[in-house]
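Structure record follows, encoded as structure tokens.
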Amino acid sequence: MTDPSSGTPVSRPARREHLVGLLVLGIAFVLLVSSPTWFASDQVGVGIAQLLVALALAGVGAVLVRRAGRG
């Protein structure tokens, strides 16, 4: 497998880390987009908790994708 931007080979762990990072970012996005339903049903505590989890996952996913890009 090669990096499309530079043409250099990408190691398996770096590719796996990149894919896991994208998966985590996707989960964070779904949590973020679906959180307003909790606020609409008057369960603000659950909505806030879901937002916090989404932000934490977005941070972890961003770190993984960025770190895989450097490797």
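Observations, loosely collected:
- The C-alpha atoms of the chain define a longest principal axis, and helix 44-70 lies at about 10 degrees to it.
- For the chain, the C-alpha radius of gyration divided by 2.2 N^0.38 Å, with N the number of residues, is 1.43.
- Protein accessible area in the chain, 1.4 Å probe - carbon and sulfur %: 70 percent
- Relative to the longest principal axis of the Cα atoms of the chain, helix 12-34 runs at roughly 20 degrees.
- Summed over the residues of the range 29-71 and divided among them, the accessible surface reaches 69 Å² per residue at a probe radius of 1.4 Å.
- Between S11 and V63, the FRET efficiency estimated from the beta carbon spacing at R0 = 25 angstrom works out to 0.90.
The values are calculated or read from the model by the stated rules, or taken from the named source; none is laboratory data. Just so it is clear, the structure is predicted and the values come from calculations on it, not from any experiment. Because the Cβ atoms are built from the backbone with ideal geometry, glycine has one as well, and the counts that use them run over all protein chains shown. Please note that ligands, DNA and RNA were not included when accessible areas were found on the heavy atoms of the full protein model with its side chains. Shrake-Rupley method; radii C 1.70, N 1.55, O 1.52, S 1.80 Å.
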